[in-house]
Amino acid sequence: MINEMQILEGSKAVALTVKSCRVDVISAYPITPQTHIVEDLAQMVADGETDAEYIKVESEFSALSTLIGASATGARTYSSTTSQGLALMFEVLFNASGMRLPIVMTTVNRSLSAPLSIWNDQQDSISVRDAGWIQFYAEDNQEACDLLPIAYKVAEDKDILLPAMCCMDGYILTHTFEPVEIPEQSLTDEFLPSYQPKYVLDPENPLTFGAYADPSIYTEFRYQQHDAMLKAYKKFEEVVREFEKVFGRRYGLVEEYKLEDAEIVLISMGSLVGTMKDVVDELRRDEEKVGILKIISYRPFPAEKIYKAIKDAKVVLVLEKDVSVGMEGGLLSDIKSFMYNREDRPSIFGFSIGLGGRDVTIGDIKGLVSRVKRREAEEFEFLNLRREVL
Amino acid sequence: MREIRFHGRGGQGAVTAAELLAVAAFNDGYYSQAFPAFGVERRGAPVLAFTRINDEKIRVRSQIYSPDYIIVQDSTLVKTVNVVEGLKEDGMVIINSNKDPKEFNIGSEIRAIDATKISLDVIGRPIMNTTMLGAFAGATGVVSLESVKKAVGNRFEGKLKERNVRAVEMAYGKIKEDAR
């Protein structure tokens, strides 16, 4: 398999994949650690390696606003941002989803200020959970690439028409060199035909997008978004089956790792799962019945898949790089929320971990599992809190 | 799995060296992974970079705490940073220095090479990150000389390409000769 791969920085691999998706318009504002992705794309445009137009703007707010206009004319559009940039886009995120424009964006995950931190966690994308965007999380750079054409195909479907963000951990993935397979252009073309929207902005046939909605109709707009997101669940499963036929790699809304007889189930999203897999292999050697449920699609939320995966477990540990301040982690709340009305409920513990770029080691995760087993863990904790500096 | 930790100073190209080592290992048919200890880059500040090399896909993403090999690009770091922290018992340190390696007295197997001199002589600049990779290949055999030359050669163009590749070859030969 390694023969078909090349070794690249994650950002470069993503940029090459964006190019292979034949996007028409790119607009982005550079911000660490997303910078290499948009630099690489700008270079490709400047070198004439792609026909895409790269529209330079003065802020992330403008970048996404630009893509709203471009997408409404029927263009396939791409942006990438992170952290403060995503926060600055907040208003525009809702405009994009409300106008049902299938913009695709790589969200490079980084913590939010203050205090200023350029390092990785997932507080940024989790904080825009309710913006009506599809959200996928990548474990490695191959996934950060593969989820892009999958995102376009789901987002652009006539029954879906929602924007999508493919999240990848800042630095940990974007700045890591590792082998990836960048498919032949012909394969991507076979999988992802050009975007053919039903409604486009056209001077010959004027339309209005995102117009005023009074109380008699606003709820119905919101319901339709909700309904489209629920439909994206099935659509994703269809699209990944096609993806597997063309590219030979299999994805799901979730990925199960050694769950068959697992009494302890670890749940997480993003690059943390890689380290967790090594932990599970070590614990399995010591005959611990432990496994992982990786969430790839956070929105649409794979509630039924999660239920099936954890209903027979004794205990579930949710590890996540975010916190809803004063409550608990966002993923933890989501999981507990739909489990409440079910019959078979394992105990569920949650941990905010790796915030602001703090390294997460195999020992950290093993320690956490053993503390939960010894019933020493709280229902929700900040892992590895340095109490001596509080 | 072989794990390598690079110690350098901002501007010495530790991150590039870690990447090129990963590329060289990939050229040899291994899975590999390279990443920096992400910081706010400042010229002269101590920096870390990491490379993992394995027969199978590498999943772990944490920094490297118990390396098999440590490459020290700047010998003055030994005074301020515990460069051998976590080094495996049978691990090895390769340091850029014109001193007798015994002088460092860091309790581990250590090999020294005057990579700065080789770089000045061959490349014309004291940037020794590629030179140190030649020494690493020569001292450890973890990656082949050919793969390091290919990785380094592909990173540069024209005269710089030729000179960097020559520096790699010289360091490789020198550290092998010193071992005799």
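Read-outs: derived from the displayed coordinates by stated rules, not from any lab. A quick note: this is a predicted structure, and the numbers were derived from the prediction, not measured. Note that we place each Cβ from the backbone using ideal geometry, even for glycine, and neighbour counts take in every protein chain shown.
Look at the dipole of chain B built from charges on Cβ: of B:Phe104, B:Asn129, B:Leu87, the Cα furthest out on the positive end belongs to B:Asn129. Straight Cα distances below 15 angstrom link A:Lys321 to the aspartates and glutamates A:Asp121, A:Asp124, A:Glu139, A:Asp169, A:Asp334, A:Asp359, A:Asp364, A:Glu381, with same-chain residues fewer than 8 positions distant left out. Derived scalar couplings between HN and Hα for segment A:5-17 equal 9, 10, 9, 9, 5, x, 4, 5, 4, 5, 4, 5, 5 Hz in order, rounded to whole Hz, by the Karplus curve 6.51 cos²θ - 1.76 cosθ + 1.60 (θ = phi - 60°), x for Gly and Pro. What does the charge count around A:Gly330 come to, taking other residues whose C-beta lies under 13 Å from its C-beta (Lys +1, Arg +1, Asp -1, Glu -1)? Once all neighbours under 13 Å are counted, the net charge is -3. Against the globular-protein guess of 2.2 N^0.38 Å, express the Cα radius of gyration of segment B:52-112 as a ratio, rounded to two decimals. Ratio of Rg to 2.2 N^0.38 Å for segment B:52-112: 1.23. Listed cross-link partners A:Lys277/B:Lys88; A:Lys56/A:Lys294; A:Lys366/B:Lys102; A:Lys258/B:Lys88; A:Lys245/A:Lys314 are compared with a 27 Å cut-off, the Cα-Cα value being larger for A:Lys56/A:Lys294; A:Lys366/B:Lys102; A:Lys258/B:Lys88; A:Lys245/A:Lys314. The magnitude of the dipole of chain A, with charges of +1 and -1 set on the Cβ of Lys/Arg and Asp/Glu and taken from the Cα centre, is near 900 debye. Secondary-structure-derived ellipticity at 222 nm for the protein assembly as shown, considering helices only, amounts to -12000 deg cm²/dmol, per-run term -39500 (n - 2.57) for DSSP H runs with n ≥ 4. Using the Cβ-Cβ distance between A:Asn205 and A:Val246 with R0 set to 30 Å, the FRET efficiency works out to roughly 0.30. Short-range pairs are left out: with C-alpha atoms under 8 Å and at least six residues apart, the relative contact order of chain A is 16 percent. With point charges of +1 on the Cβ of Lys and Arg and -1 on the Cβ of Asp and Glu, referenced to the Cα centre of the protein assembly as shown, which listed residue (A:Ile26, B:Ala45, A:Pro149) lies farthest in the positive direction of the dipole? Final value for the positive-end residue is B:Ala45. With Cα atoms defining each centre, segment A:44-122 and segment A:228-285 are spaced 27 Å apart in the structure.
Between B:Tyr65, B:Leu120, B:Ile175, the Cα set farthest toward the positive side of the dipole of segment B:2-179 (charges on each charged residue's Cβ, about the Cα centre) is that of B:Leu120.
Under a GNM of chain B (C-alpha, springs under 10 Å), which listed residue has the highest mean-square fluctuation: B:Thr16, B:Thr130, B:Thr80? Among B:Thr16, B:Thr130, B:Thr80, the largest mean-square fluctuation in the Gaussian network model of chain B belongs to B:Thr80. Under the convention that each Lys and Arg Cβ holds +1 and each Asp and Glu Cβ holds -1, the size of the dipole of segment A:43-121 around its Cα centre is about 240 debye. Select from segment A:177-248 those trypsin sites (Lys or Arg not before Pro) which occupy a DSSP coil region and have at most 16 other Cβ atoms within 10 Å, ordered by residue number. Here the sparse-neighbourhood loop sites are A:Lys198. Is chain B rounded, prolate or oblate when judged by the Cα gyration tensor, a ≥ b ≥ c being the square roots of its eigenvalues, rounded requiring a/c under 1.5 and prolate requiring a/b larger than b/c? Note, shape of chain B comes out rounded.
In loop segments of segment A:291-390 as defined by DSSP, the GluC sites (Glu not before Pro) with at most 14 further C-beta atoms inside 10 Å of their C-beta are A:Glu343, A:Glu376, A:Glu378, A:Glu379. Taking Cα atoms only, the orientation of helix A:218-247 departs from the longest principal axis of chain A by about 80 degrees.
FRET efficiency for the A:Ser370 to A:Ser337 pair, using the beta carbon distance and R₀ = 30 Å, is estimated at 0.60. Taking the alpha-carbon centroid of each part, what is the distance from segment A:185-205 to segment A:342-375 in angstrom? When both Cα centres are located, 44 Å separates them. The angle between the Cα long axis of helix A:362-373 and the main principal axis of chain A comes to about 60°, on a 0 to 90 degree scale.
Dividing the Cα radius of gyration of segment A:254-389 by 2.2 N^0.38 Å, with N the residue count, gives 0.98. Hull surface divided by four, with the convex hull built on the Cα atoms of chain A: how many nm²? If I average the Cα hull's projected area over directions, I get 20.9 nm². Loop only by DSSP, 11 or fewer other Cβ within 10 Å of the Cβ. Give me the GluC sites (Glu not before Pro) in segment A:49-150 that pass, ordered by residue number. The qualifying sites are A:Glu58.
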